[in-house]
Structures are given as C-alpha cells and as structure tokens.
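Trainee: Following this message is one structure expressed as structure tokens.
Computed from the coordinates by the stated procedures, all read-outs in this text should not be read as laboratory data. Computed from a predicted structure; not experimentally measured. Cβ coordinates were reconstructed from backbone atoms using ideal geometry, including for glycine residues, and neighbour counts include every protein chain displayed.
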Amino acid sequence: MQPAGLLMLIEIWCILMNENLINVDNLKVYFPIRRGIFLQTVGYIKAVDGVNLKIKQNQDFAVVGESGSGKTTLGKSIVGLIKPTRGQILYSFGEKSFDMSKELPIDVRQSVQMIFQDPFSSLNPRLKIIDTLKEPLEIRGFLRSRKEIANYLGELLEKVGLKREYLYRYPHEFSGGQRQRISIVRAISMKPKIVVLDEPSSSLDVSVQSQVLNLLQDIKKEYNLTYIFITHNISVAKYMGQKIIVMYLGKIIEINDPDKLIDKPFHPYTQLLLSTVVEIKSEHVEKEIKIGEPPSPVNIPSGCRFRTRCPFAMEICAKTEPPLSDHEGSLVACHLYSNKKKEISVNNS
Ligand code: SF4
C-alpha cells in the first residue's frame, strides 16, 4: 500500500475511534517579572495555572473569560507558540503522539494553525498576499511551481469570497474583514486538523463579524477541522463551540454544553459573565454579582481564586481550592457543589 493510503487509513481509524487529538496535562505557564539592574525575578504572572483538557476530533471548544483569564496563553500553548512552565501538551498525529513544546516535523507543526484577532499580525505589509501565503507552502514542499501555488491559493481565496487577483495586492489595500478572510486562507492552506482562533471577529465591524463567523462554520465543515475558539463574548462562544470552557485567572472553572451553561450556569463567575450579556441574561443568576476588577495574576487569592468577588464565599473558600467536579452534567469548580459529587478529571466525554 502507498504511504498516502496508509496515512488515510490511520486517519479514518482515529476518527472512528474518536481518539483524543490533544491532551493538555496540568499545564502551567508562568511569566517571570524581572526588576533591577540584574533583572532579578521578583515574581511570576500565572497566566495558566493548572489546566487539564482533552480535545477530540471535531469536538469544538469555545474558551471564554475576561482579559487576563489565560485563554489566549492556553491557545498559544496548544499551537506551540508558548512553552509550558510545567505540564505537557500531547498531540496525536497519525499513530504517534507529539509534545507540542518540542521541535516537531513540519507537517505536524503545520497541522495545528492559529488565526489571530488582528489579521495584520499574520500578513507582512511589505509583501504581496501571494508572497506571504506561499511561504509556508514552499517550506512544506506542498506545491512546486509558482503557477501551481497561485492556482491553489486563488481557489482558496474564492472559497472565502475574495477574488483570485487579490493575490497580487498588498495588505493595506483590504478592509479588516477581507484581511481576516486572507488570514483564514493562510491557516487552511496548510490543510490543518486543528485551528485555534483567538477572537477572530472582535476587531471587525459588527456587520462583518457574523459573515466571518458563518464563513468559519462553513470552512470547518468542508475541511473537517476541529476549532478551539477563544472569545470574551459568550454569545459568540455559544455559536462556535460544542462545549464552552469558562476560565478565570488561569484556571478552568466551568465546562458545559452551550445551551445548558447559558440556561443554568453554576459557577458564580459564569453567572457574572452571563449577567453582563443583555440578550442572554440567565434566569438562574441568583444574586447580583459585583463586576469589579479581577485580582492580579501575580497575587492569586488562596483557596478559590474567585472568592474576593464572590457573594457566596464561605470559610472553606479561603482555605481550599475547589476541584473541578461533576454537578448535574456540568463540570464546575466551586465549593457550593463540590461535596455533592466526587472530584473527577477533566475529560469532556
Ligand atoms: Fe464562591 Fe466559594 Fe464557589 Fe469560589 S468556591 S465561587 S468563593 S462559593
């Protein structure tokens, strides 16, 4: 059998077995704070502080939280742009597992792509679109001649609603929405399995946002992609994720199906997030929670990290960090529920 045929069989087998694509194991990402002439380390920003997650093929997650919750750092770690301080991210590709923080074969590295909030960040302003887009294809050795590359990229541009001739223009000649469509082409041109999308529509006009989100849904189906969608907007999370992960100060504090999470949020922080969204204000928000500012990720409160803003805080909340536990089908990290069910590991099956 040809190697390509064998690879396809392995992929089909993985899909049938619905194996975990990504295993995030106790991920911690700390950024040192350095001061003085010798740049001594005086503390750490704990951007991600012990995240466990299993992501299966075609199981899309939307990660929500305020700025500083660690969601972007988690996304960048998954694509290998940030190395963990502790813990590990394993990626199943074919029949092998790869540590995302290590040097990876080019086809493995390119099969996990990221789309950023600012489409300018992935487009070189001095290069024509074709010259930016062709570079990773040349590195991978996908296509040989400039004509082949232009044909391939031209087809992809048409798929995202742009004209082929835009390949020969510069980034400044496009609107924000068009640039984001070009970023989408850049990501899918590598035929990825997983795409991490970091607020891909939030910098766009409201009128363009829904077009880009719909396009992303279409692209996902056509290319059989698995999305990890990072957003601060819970309405967008509901639209883009099969599960919503809520993060607070570097930790996952609740995971549930979008409808269930919005209809009946358990964690007081999830209730706070929902109380700020007029159109999906939940009936199950029991107490008014002060919005306030989250504590510094340098000095995270003891016990439950939400306790300084929580109207339900109890004595135990200052002493013991609540584990993520199963409560009525939701995974929630809160002492209000943690003694009702036993602690379980984060497996979103
Ligand atoms: Fe509030 Fe305690 Fe639950 Fe934390 S563990 S969210 S402080 S009730």
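Trainee: Pulled fully out, how much extra length does the chain show between N52 and S67, if you take 0.36 nm times their separation in residues and subtract their Cα-Cα distance?
Mentor: Length gained between N52 and S67: 3.4 nm.
Trainee: Could you list which residues have their amide H under 5 Å from that of I115, counting only those 5 or more apart in sequence or on another chain, with H placed in the peptide plane?
Mentor: V196, L197, D198
Trainee: Something else: Kindly rank 60-70, 38-48 from highest to lowest mean number of other beta carbons found within 10 Å of each residue.
Mentor: The peptides rank, most packed first, as 60-70, 38-48.
Trainee: Here is a follow-up. Only four residue types carry charge here, +1 at the Cβ of Lys and Arg and -1 at the Cβ of Asp and Glu. Report the dipole size of the chain about the Cα centre in Debye, rounded to the nearest 20.
Mentor: Approximately 800 debye in magnitude.
Trainee: Let me ask another. Would you work out if the range 19-92 is rounded, prolate or oblate? Take a ≥ b ≥ c from the square roots of the eigenvalues of the alpha-carbon gyration tensor; rounded if a/c is under 1.5, else prolate when a/b is larger than b/c, oblate otherwise.
Mentor: prolate
Trainee: A further question follows. By how many nm would the segment from D107 to A318 grow when fully extended, if each residue of separation counts as 0.36 nm and the alpha-carbon distance is taken off?
Mentor: 71.3 nm is the gain from fully extending D107 to A318.
Trainee: Still on this structure, I have one more. Calculate how steeply helix 206-223 sits against the longest principal axis of the alpha-carbon atoms of the chain, using the helix alpha-carbon long axis, and give the answer as 0 to 90 degrees to the nearest 10.
Mentor: 70
Trainee: Continuing with the same structure: At 0.36 nm per residue, and after removing the present C-alpha to C-alpha distance, how many nm does the segment from K264 to N124 gain when stretched out fully?
Mentor: Net length gain for the segment: 45.9 nm.
Trainee: Follow-up. Quick one: which of K28/K54; K134/K159; K220/K260; K54/K193; K96/K243; K28/K260 span more than 21 angstrom between C-alpha atoms?
Mentor: Pairs exceeding 21 Å: K220/K260; K96/K243; K28/K260.
Trainee: I want the local charge near D118. Using Cβ-Cβ distances under 15 Å, sum +1 for each Lys or Arg and -1 for each Asp or Glu among the other residues.
Mentor: Here the count lands on +1.
Trainee: List the GluC sites (Glu not before Pro) within the range 89-145 that DSSP assigns to loop and that have no more than 14 neighbouring Cβ atoms inside 10 Å.
Mentor: E95, E103
Trainee: Pop a pseudo-label 7 angstrom from the Cα along the beta-carbon direction at both D257 and F38 and give the gap in nm to one decimal.
Mentor: 5.8
Trainee: Considering only DSSP states other than H, G, I, E and B, which trypsin sites (Lys or Arg not before Pro) in the range 159-205 qualify as loop sites with at most 13 other Cβ atoms within 10 Å?
Mentor: When the trypsin sites (Lys or Arg not before Pro) of the range 159-205 are filtered for loop state and at most 13 Cβ neighbours within 10 Å, K163 remain.
Trainee: If I build a Gaussian network model for the chain, linking alpha-carbon pairs within less than 10 angstrom, which residue out of V195, V208, V24 has the largest mean-square fluctuation?
Mentor: V208
Trainee: Modelling each spin label as a point 7 Å along the Cα-to-Cβ direction, I'd like the H172/V277 distance in nm, to one decimal.
Mentor: Here the modelled spin labels are 3.9 nm apart.
Trainee: Under a crude label model (7 Å from the Cα following the beta-carbon direction), how far is Q242 from S296 in nanometres?
Mentor: 4.2
Trainee: Right, something else. Counting only DSSP beta bridges with both residues in the chain, what percent are antiparallel, rounded to the nearest 5?
Mentor: Close to 65 percent.
Trainee: GNM, the chain, Cα, under 10 Å: largest mean-square fluctuation among G161, G36, G177?
Mentor: In the Gaussian network model the winner is G36.
Trainee: Let me ask you something else. Identify which of I228, I130, I316 has the largest mean-square fluctuation in a Gaussian network model of the chain, with springs joining Cα atoms closer than 10 Å.
Mentor: For the chain, modelled as a Gaussian network with Cα springs under 10 Å, the answer is I316.
Trainee: Tally Lys/Arg at +1 and Asp/Glu at -1 over every other residue whose Cβ is under 12 Å from the Cβ of L90; what's the total?
Mentor: Here the count lands on 0.
Trainee: Now for a separate question. Between rounded, prolate and oblate, where does the chain land on the alpha carbon gyration tensor, with a ≥ b ≥ c its root eigenvalues, rounded for a/c under 1.5, else prolate if a/b exceeds b/c?
Mentor: Prolate.
Trainee: Oh, and also: Quick one: which residues, 5+ away or cross-chain, put their amide H under 5 Å from the amide H of S325? H built at 1.01 Å from N.
Mentor: For S325, the qualifying residues are V332, A333, C334.
Trainee: Would you mind checking the tilt of helix 146-159 against the longest principal axis of the Cα atoms of the chain, expressed as 0 to 90 degrees and rounded to 10?
Mentor: With both axes taken from Cα atoms, the answer is about 50 degrees.
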